[in-house]
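The values are calculated or read from the model by the stated rules, or taken from the named source; none is laboratory data. Note that the structure is a prediction, hence the values are computed from the model and not measured. Backbone-built Cβ (ideal geometry, glycine too); neighbour counts: all protein chains shown.
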Amino acid sequence: MSLVEVDQASKTFASRQRGGDPVHALRGVSLRVEAGETLAVIGESGSGKSTLGRAVLRLLDLDSGAVRLDGVDLAGLSPKELRAKRADMQIVFQEPYESLNPRMSIGAIVAEPLQIHRSELGSSEIRTRVKAALERVGLSGNTASRLPGELSGGQQQRVGVARAIISEPRFVVLDEPTSSLDLSIRAQILALLAEIQQDLGLAYLFVSHDMHTVEKVSDRIAVMYLGEIVETAPTLDLFRSPQHAYTRTLLSARLSADPREKHAYRAFEGDREVTA
Amino acid sequence: MTETVLDVKGLTVDIATPDGVVHAVRGIDLQVGRGEILGVVGESGCGKSTTIKGILGLLGPNSTVGADHIELAGHGDLLRTPAKKMRHVRGRRIGFVAQNPFGSLNPIYSIERQFHELQKAHGTKVSKKESREIALGMLAGVGIVNPARVLDGYAHQLSGGMAQRVVIALATTLSPQLLIADEPTTGLDVTVQAQIMDLISGLVRSEQRSVLLVTHDLGVIAQYADRVVVMLEGKVVEHGSVTDVMVDPQHEYTQKLISSVPKREELHDVIG
């Protein structure tokens, strides 16, 4: 049994335009995430990758299919049971600032999961754990008294990571956690995530559109296109011998920072831009 | 470099803020040659966007722009060009492509009307009918398959990639010799990014236009620019051909930037 199992997940959204066609965000998606590994889900806007990240945490309900954590079907849980299960599965969002309440202190933000999931803890124990979590992500303990707006983007994302790990989860969805950060800050956050994963034995579902990033951080990669996973493979294999035409297009669109590696973009016949 | 299209010498920008004066740009030299793409790379806050706004005369009244000169070939010194005349420089002599195409397009005018407004603003005396013909050609030129449908529609009906194509078509309609592009592909999907950059570099190569390309994306610089300028804290710390700078960076900051995405095996060793 894998830590996370997604079987034949489907989700359709009604079109925002009147009379528009419904959007099939997920079309029978299946995947496995093993304990301690990083599975990257890569795709472009509209591929369904963020919907998948949310469905895996049951932040939205599927039309059909199942998501299991430790063999337990999340859809079968009562609201109370689901809430308890959430200590085990957390998320780090793309926009650090947007995902932090601007009027709450950093300490209060990071303490919240503990207050929900570990209500038996006393306030001084919570303070100690918050301080430890902040230090774990490279922030000083006295960051706790500050507001999100006083921190840089990189520091805000460290707070997002501290909030995600304080309830000691085993599975974290990283939804484009570095795509709004500068390059050197991005490298620091990726290194931090890798270090935390090793220390705590976390499994990550790393949702991203950036081939460069997933190449560095993932054990396996699932490629999504228009609501389907078109290919899943160990990272090195995917880069060495991509099987699906869309994967080859994605790889050809990667721009190497080494000018000696010349790129030649190869359009994909199903490409929306070409057929638009 | 053959002929210099834009020659910026000693550019400074000071911005007055409630907390005192910020020296956003501290003496920058840039040259863009004909038929060349000059990349300007740096992280948030390094002054790269302020630099191009300074060149274009788009900074607000709280900013002071200084320079020895900002010489545009065939026109003269932009620093000594009155604001009213700068309006004709922008669009006619320098095309501008901003990061967010939906910020550049008017949401309540049809795309056709925006092409016609451009003609009117620059006093070209082109009729509505002629403007439509020109616009159809421009849109076809940027790879839009059904230009008539796009012209009759509005910005919100376009995808990000299509909207950026429309902005590039608008920016090049009056055949400016220089195109300034500020993060033109940031926020677009990677496959669309490759298409848009192929389009921009195609314009440069086929029509001998020049491009000042501002980006934080080293891949875009490495694959599309001819020369590159690396900015840090309002200054140029390194410049040269893309091959020299990206393959064998001399300045410590450039080295750090290029190695910023750590190699897989290094990740676990790096301290967070």
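Tabulated data
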{"quantity": "Exclusive hit being away from every other protein chain (no Cβ under 13 Å) and modelled with pLDDT under 95, set B:Glu252, B:Glu266, B:Glu207", "calculated": "B:Glu207"}
{"quantity": "Long-range neighbours under 7 Å by Cβ, at least six apart or interchain, first residue within 22 Å of B:His75 (Cβ to Cβ) within the range B:87-114, second hydrophobic (A, V, I, L, M, F, W, C) and assigned to a loop (DSSP other than H, G, I, E, B)", "calculated": "B:Gly91/B:Leu174; B:Arg92/B:Leu174"}
{"quantity": "Search result, residues across the range B:83-106 that are farther than 26 Å from B:Ile37 by Cβ and at pLDDT 95 or above", "calculated": "B:Asn106"}
{"quantity": "Test for A:Leu139: is it within 20 Å of A:Leu200 (Cβ to Cβ), in contact with a helix residue (DSSP H, G or I) (Cβ under 7 Å, 6 or more places away or on another chain), of a type outside the set (Gly, Ala, Ser) and outside any loop (DSSP other than H, G, I, E, B)", "calculated": "no"}
{"quantity": "Residue match in the range A:119-130 (condition: more than 25 Å from B:Ser44 (Cβ to Cβ), modelled with pLDDT of 95 or more and either in a loop (DSSP other than H, G, I, E, B) or touching an Asp or Glu at 6+ places or on another chain (Cβ under 8 Å) (or both))", "calculated": "no"}
{"quantity": "So A:Arg266, is it in contact (Cβ under 8 Å) with a residue 60 or more places away in the chain, more than 7 Å from chain B (Cβ to nearest Cβ) and of a type in the set (Lys, Arg)", "calculated": "no"}
{"quantity": "Matching entry among B:Val192, B:Val167 (being modelled with pLDDT of 95 or more and either assigned to a helix (DSSP H, G or I) or buried (at least 24 other Cβ atoms within 10 Å of the Cβ) (or both))", "calculated": "B:Val167"}
{"quantity": "Criterion violated by B:Ile144 - all others in (1) within 13 Å of chain A (Cβ to nearest Cβ); (2) under 29 Å from B:Thr50 (Cα atoms) satisfied", "calculated": "(2)"}
{"quantity": "Residues (surrounded by fewer than 17 Cβ atoms within 10 Å (Cβ to Cβ), of a type in the set (Asp, Glu) and assigned to a strand (DSSP E or B)) located in the range A:1-37", "calculated": "A:Asp7"}
{"quantity": "Hits in the range A:205-229 - residues which are of a type outside the set (A, V, I, L, M, F, W, C), assigned to a strand (DSSP E or B) and away from every other protein chain (no Cβ under 13 Å)", "calculated": "A:Arg220, A:Glu228"}
{"quantity": "Unmet requirement for B:Lys85, which otherwise passes all of (1) farther than 30 Å from B:Ala148 by Cβ; (2) touching a Ser or Thr at 6+ places or on another chain (Cβ under 9 Å)", "calculated": "(2)"}
{"quantity": "Residue in the range B:139-158 that is of a type in the set (Asp, Glu) and surrounded by fewer than 17 Cβ atoms within 10 Å (Cβ to Cβ) present", "calculated": "yes"}
{"quantity": "Subset of the range B:2-46 (residues that are over 22 Å from B:Val89 (Cβ atoms) and outside any strand (DSSP E or B))", "calculated": "B:Thr2, B:Pro18, B:Asp19, B:Gly42, B:Glu43, B:Ser44, B:Gly45, B:Cys46"}
{"quantity": "Close pairs from the range B:222-246: first part of a strand (DSSP E or B), partner among the polar types (S, T, N, Q) and surrounded by fewer than 24 Cβ atoms within 10 Å (Cβ to Cβ), Cβ under 8 Å, at least 6 apart", "calculated": "B:Arg227/B:Ser241; B:Val228/B:Ser241; B:Val230/B:Thr254; B:Val237/B:Thr254; B:Glu238/B:Gln250; B:Glu238/B:Thr254"}
{"quantity": "Complete set of residues in the range B:160-191 that are among the hydroxyl-bearing types (Ser, Thr, Tyr) and either closer than 14 Å to B:Asn100 by Cα or over 21 Å from the mean Cα position of the chain (by Cα) (or both)", "calculated": "B:Thr185, B:Thr186"}
{"quantity": "Failed condition for B:Ala194, given (1) within 14 Å of chain A (Cβ to nearest Cβ); (2) touching a residue at least 24 places away in the same chain (Cβ under 8 Å)", "calculated": "(2)"}
{"quantity": "Which listed residue, of A:Ser105, A:Ser140, A:Ser123, is farther than 17 Å from A:Val172 by Cα, hydroxyl-bearing (Ser, Thr, Tyr) and touching a Ser or Thr at 6+ places or on another chain (Cβ under 9 Å)", "calculated": "A:Ser105"}
{"quantity": "Some residue of the range A:188-203 being in a strand (DSSP E or B) and on the phi < 0 side of the Ramachandran plot", "calculated": "yes"}
{"quantity": "Any hit, the range A:139-152, residues being closer than 25 Å to A:Glu44 by Cα and either out of contact with any strand residue (DSSP E or B) (no Cβ under 9 Å at 6 or more places or on another chain) or assigned by TED's automatic domain parsing to the domain that holds A:Arg86 (or both)", "calculated": "no"}
{"quantity": "Failed criterion for A:Leu190 (all others in (1) surrounded by fewer than 22 Cβ atoms within 10 Å (Cβ to Cβ); (2) over 19 Å from A:Arg32 (Cα atoms) hold)", "calculated": "(1)"}
{"quantity": "Helices (runs of 4 or more DSSP H) wholly inside the range B:47-159 that include at least 3 residues being more than 19 Å from the chain's Cα centre (by Cα)", "calculated": "B:83-92, B:111-121, B:128-141, B:147-152"}
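Matching residues to (1) of a type in the set (Ser, Thr, Tyr); (2) within 19 Å of A:Asn101 (Cα to Cα):
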| site | (1), (2) |
| --- | --- |
| A:Gly154 | no, yes |
| A:Gly160 | no, yes |
| A:Val172 | no, no |
| A:Leu183 | no, no |
| A:Leu202 | no, no |
| A:Phe206 | no, no |
| A:Thr213 | yes, no |
| A:Arg220 | no, no |
| A:Tyr225 | yes, no |
